[in-house]
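Asker: Here it is, the structure in full.
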Amino acid sequence: MSLIKGLPRRPLVAITTVLACAVLGVAVWQAPRLPAKASSEDRQQLQNQLRKGLGSEVRFASHPEQADEAVASAADFIYWRSGLKMSDELKRKLAKAERDVLKGKSPYISVSELTGDMTTAVVDRLATLTDKDIHDAAEASSGANGEIRSRADAKWGVMTKRSLIQQAQAGREWSRRGDVELQSGLRSMIEGEVNDRVSTLSTLLPEKFANANSQGLTPTQALLIAYSVAADDPLTNSRSDVTQILRQKRMDERQTKEEWKAQHLSGRPYGPRGWLHPSAPQLFFTKNSVDKLLNLSEGGEKQ
Amino acid sequence: MKKILAGLSFSLLLIFSGCNPFAEQYCNLTGQPNVSYLIIYPCVNGICGPIPDTATGTVGPDGRFRVPQRGFSCSGLQSLARFGSNMGLSLSASPASVYLPAPPTSGTITGQSFNATYAMPRVDYFDSNGFLVGSVVATSVSSDGTSLQANMPDLSYVYSGTYRVKVTNSTYDGYYLNIVGSATLTGWGRDEPDSDGDGWPDSQDCAPYDSFMQTGCLETCGGFGDEPLTLCGPI
């Protein structure tokens, strides 16, 4: 609640937090983050989960000829977990960019560069949110009676969809002012999130990410990190593990099929209406955003 | 202006769910892995009602579980938490195979540690996806606690498949926290319909009468490359 108390004094900080959350969902990567003083058991457990998830299900390329397979497995990994689907065109461009990096024709993407590109993409996307984007998101958050529960403590109560949409539209206009401080605040937050992931992955999945800080990231690695930030997906656990977690969750909660259906969840753990971490990463991953993020519009070559 | 900014923050947070610093706060607590926990909140956010709110569930395999804070400190909730036990026994159901169109009216579960001291044990039936399909309490428990009798739940709407039967003992004050174990039971004789013959049972097929469409029943624009974002998964 400290953020609420801080709003009148520091509106920009609060709004920046909100906007970063809105487009990138950056506040939630709690469970998998490697604490500074993580016990060796925690580290081992997280490492096992990462190896069974990202480490096993995405076949990273170490040679140019493996680029297509790497991109296909990454696309499949993201789709299964969140419902975000890559177009054939994007897969083709991403594979070319991956090949070019592995061939030495293009440089690796530095963590700082990824942070900057993500910040630019977020700022641009915020300014172009359409009414439909806002309506779709509001719809996804609505209960059966059309009301939207704040999920906050009791004093926030319930809001109507109409009231919520009006306020969100006003918020969009505010973000279009292009405030430099806003961009700076967003960059700082995104930087923290990206660095957390790179640090965790390079420590616990060194066979894939050991050189992330020194050498940089391939386009596929960069996209996976951006996806992780946007969808709050820790990239852990295999499909069968995730399915088993869902099965166990239902049993623990003694949930009937009717109760499950009434929740209108997607069946996927992440992404829109995800049962583990619902989020709206599709707001960020438009064609333009992804092209900007990975600089794919010019054939995959970083300047 | 300040009021507007606060309002905007709140509205945006609500619209783009999944990242909400104003959302209900949770505490990560610890306990023995895989046992049931129970927290009875005497008050919620300072308001004390006649019927106390509760949080129940099972501690994760890593010994952690998450509960709503509801105005309490996490250390306070940790001290309020009650834990059950989980013997994790492998039990046997008899009959182990049930003809669903004409199921028996009752069955026997054998094992050990069934306890009727405070209340009859509860018997829950789960399908292969983890959904609860029925729950009954035992009608009798043998004096040595090695077997119990229970009526079959309503199986008139379930389909052929493997079911898990879980037995839980009650605490002195009526909470089912002490898991004894589980048995498997096979149901047969009523296959789930697949109206369009595409291999997906109607309940898992988003278009049960269209054999060319198995997933993707609910789509919104978005996703990489502006392709449709499929929200209907196969899980």
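The values are calculated or read from the model by the stated rules, or taken from the named source; none is laboratory data. Just so we're clear, the structure is a prediction, and the values are computed from it rather than from any experiment. Methodologically, a virtual Cβ is constructed for each residue, glycine included, from the backbone with ideal geometry; neighbour enumeration extends over all protein chains shown.
Asker: If a residue has to be assigned to a helix (DSSP H, G or I), at pLDDT 90 or above and crowded, with 24+ Cβ neighbours inside 10 Å to count, how many in the range A:228-239 make the cut?
Answerer: 1
Asker: Also, quick follow-up: Among the residues in the range B:151-164, are any hydrophobic (A, V, I, L, M, F, W, C) and under 26 Å from B:Pro33 (Cα atoms)?
Answerer: No, because not a single residue in the range B:151-164 is hydrophobic (A, V, I, L, M, F, W, C) and under 26 Å from B:Pro33 (Cα atoms).
Asker: Has the range A:138-157 got any residue that is under 28 Å from A:Trp275 (Cβ atoms), among the polar types (S, T, N, Q) and modelled with pLDDT of 65 or more?
Answerer: no
Asker: Can you give me the number of residues within the range B:120-134 that are under 11 Å from the mean Cα position of the chain (by Cα) and aliphatic (A, V, I, L, M)?
Answerer: Residues flagged as under 11 Å from the mean Cα position of the chain (by Cα) and aliphatic (A, V, I, L, M) within the range B:120-134 amount to 2.
Conditions tested, residue by residue: (1) touching a Phe, Trp or Tyr at 6+ places or on another chain (Cβ under 9 Å); (2) more than 9 Å from chain B (Cβ to nearest Cβ).
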| residue | (1), (2) |
| --- | --- |
| A:Asp233 | yes, yes |
| A:Ser240 | no, yes |
| A:Thr256 | yes, no |
| A:Leu265 | yes, yes |
| A:Leu276 | yes, yes |
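Asker: Still on this structure: Would you point out the residue of the range B:141-196, among those that are basic (Lys, Arg) and part of a strand (DSSP E or B), that is surrounded by the most Cβ atoms within 10 Å (Cβ to Cβ)?
Answerer: Looking at residues that are basic (Lys, Arg) and part of a strand (DSSP E or B), I get B:Lys166.
Asker: Something else about it: Could you please find all residues in the range B:113-166 being of a type in the set (Phe, Trp, Tyr) and either over 26 Å from B:Arg190 (Cβ atoms) or free of Cβ contacts under 8 Å to residues at least 60 places away in the same chain (or both)?
Answerer: B:Phe114, B:Tyr118, B:Phe126, B:Phe131, B:Tyr157, B:Tyr159, B:Tyr163
Table: residues versus (1) surrounded by fewer than 23 Cβ atoms within 10 Å (Cβ to Cβ); (2) in a helix (DSSP H, G or I); (3) in contact with a Lys or Arg (Cβ under 7 Å, 6 or more places away or on another chain); (4) not basic (Lys, Arg).
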residue	(1), (2), (3), (4)
A:Ser202	yes, yes, no, yes
A:Ser214	yes, no, no, yes
A:Asp241	yes, yes, yes, yes
A:Asp252	yes, yes, no, yes
A:Lys261	yes, yes, no, no
A:Gly267	yes, no, no, yes
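Asker: Within the range B:36-52, restricting attention to residues that are surrounded by 13 or more Cβ atoms within 10 Å (Cβ to Cβ) and modelled with pLDDT under 80, which residue is nearest to the other protein chains (Cβ to nearest Cβ)?
Answerer: Per the stated criteria, the residue is B:Asn45.
Asker: Now a separate question. Out of B:Asp144, B:Asp202, which single residue is among the charged types (D, E, K, R), modelled with pLDDT of 90 or more and over 22 Å from the mean Cα position of the chain (by Cα)?
Answerer: Only one candidate qualifies: B:Asp144.
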